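As structure tokens, the structure follows; a few thoughts come after it.
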Amino acid sequence: MTLMTLKVSSRREEAEGVVALELVHPEGQPLPAFEAGAHIDLHITPTIVRQYSLCNAPHERHRYVIGVLDTQSKEGGSKILHQTLKEDALIAGSTPRNLFPLVPARHSILVGAGIGITPILSMAEALSHSNDSFEGHYFVRSSEHVAFRARFEAPCLASRFSIHKDGMGGIDSGTLLSILSDPEPQTHLFVCGPPGFLNVFCGSAADAGWSSDRIHIERFAPSSAPIRENRPFYLRLASSGQRLFVGENQSALEVLTEAGIDVPSSCERGVCGACRTTLLGGVAEHRDDYLSQAERNDGEAFIPCCSRAQTDELVLDL
Ligand code: FES
């Protein structure tokens, strides 16, 4: 993945616990283009790399804007950014990648909860720019938690966005019903937020008759920690026949990387899908939060950064 140096051109408190960082090229050159829903990886320390969704309008080339939520974790990358990354600081970042793209739809329903509003905001700007039909919903705990307020109040978004200050985990069922009541086949849902919110929202969408291919999700964190015991297994590479042993304390991705096999990766927590590989044989034990249930049932995809094997061997299309 290509890395570049970015400079913090401004830092602004956006809401309780949220700062917005504007990142630019140090010499003022245009930045690589991005699409709505894209993220960049920031290399916060030599060992901490975190993904941040770009929340500015995708036609902008002079800056990337990210929203960073201060987390409770002392070692968390976002905590470090909050405490140390001041204006004019330099930081290494990747070129943008998009694992949460908009798809053509007659109408799009954009839903963000908490800091999950960041990719949703970029999507809203893109759909507004192209005059496409959409509506947006932003779930927050309280008024103090509304980030990027001025953008929601701008004419292009104000009439299309609703801000729901009725919590994130305990969403009001009437609100859910009104958003999800019409699962029209050419309407797509784009949802980003914390795991608890996603579970409630997407479960309600499925109950209301939304098919999974029209529910597009971006997760920021794994929905649950694996509780199963790790068992060792083998990987077989289809192209060479090479057989690699994955010990109980290793991930398949680590083993592939050590063997010199180039597998893209980013979150290394099973949420971004960057390391997705094609499974040709064996049965995976899926521990990721990326693959849909339909993809799991097909048995043709494997997320090597966190998933393991039910069978003694997995054959990968590598
Ligand atoms: S690196 Fe993100 S899912 Fe594997």
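The values are calculated or read from the model by the stated rules, or taken from the named source; none is laboratory data. On a predicted model such as this, the values are computed, not experimentally measured, just so you know. Backbone-built Cβ (ideal geometry, glycine too); neighbour counts: all protein chains shown.
Laid out as a table, the results:
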read-out: Residue ID - nearest to I117 (Cα to Cα), chosen from residues in segment 58-82 that are of a type in the set (A, V, I, L, M) and modelled with pLDDT of 95 or more; value: I66
read-out: The lone exception for S292 - which of (1) in contact (Cβ under 8 Å) with a residue 60 or more places away in the chain; (2) touching a strand residue (DSSP E or B) at 6+ places or on another chain (Cβ under 7 Å) it fails; value: (2)
read-out: Given (1) surrounded by fewer than 17 Cβ atoms within 10 Å (Cβ to Cβ); (2) polar (S, T, N, Q); (3) modelled with pLDDT of 90 or more, number of the condition T187 does not satisfy; value: (1)
read-out: Where S108 falls short, out of the listed (1) touching a Cys at 6+ places or on another chain (Cβ under 8 Å); (2) at pLDDT 95 or above; value: (1)
read-out: Some residue of segment 309-316 being within 16 Å of the ligand (Cβ to nearest atom) and either in a loop (DSSP other than H, G, I, E, B) or within 22 Å of F220 (Cα to Cα) (or both); value: no
read-out: Where F233 falls short, out of the listed (1) away from the ligand (no atom under 16 Å from the Cβ); (2) within 20 Å of V111 (Cα to Cα); (3) in contact (Cβ under 8 Å) with a residue 60 or more places away in the chain; (4) surrounded by 21 or more Cβ atoms within 10 Å (Cβ to Cβ); value: (2)
read-out: Pick from segment 257-308, criterion away from the ligand (no atom under 16 Å from the Cβ) and either polar (S, T, N, Q) or assigned to a strand (DSSP E or B) (or both), ranking: surrounded by the most Cβ atoms within 10 Å (Cβ to Cβ); value: L280
read-out: Subset of segment 242-256 that is within 16 Å of the ligand (Cβ to nearest atom) and not acidic (D, E) - its residue that is farthest from A38 (Cα to Cα); value: V246
read-out: Long-range neighbours under 6 Å by Cβ, at least six apart or interchain, first residue more than 16 Å from L42 (Cβ to Cβ) and in contact (Cβ under 8 Å) with a residue 60 or more places away in the chain within segment 258-272, second assigned to a loop (DSSP other than H, G, I, E, B) and within 13 Å of the ligand (Cβ to nearest atom); value: P264/A274
read-out: Matching residues in segment 86-116 - criterion: being surrounded by fewer than 19 Cβ atoms within 10 Å (Cβ to Cβ), touching a residue at least 40 places away in the same chain (Cβ under 8 Å) and more than 17 Å from the chain's Cα centre (by Cα); value: K86, E87, D88, A89, L90, I91, A92, R106, H107
read-out: Subset of segment 23-57 [more than 19 Å from the chain's Cα centre (by Cα) and surrounded by fewer than 19 Cβ atoms within 10 Å (Cβ to Cβ)]; value: V24, H25, P26, E27, G28, Q29, P30, P32, T45, P46, T47
read-out: Residue match in segment 68-76 (condition: buried (at least 17 other Cβ atoms within 10 Å of the Cβ) and in contact (Cβ under 8 Å) with a residue 40 or more places away in the chain); value: yes
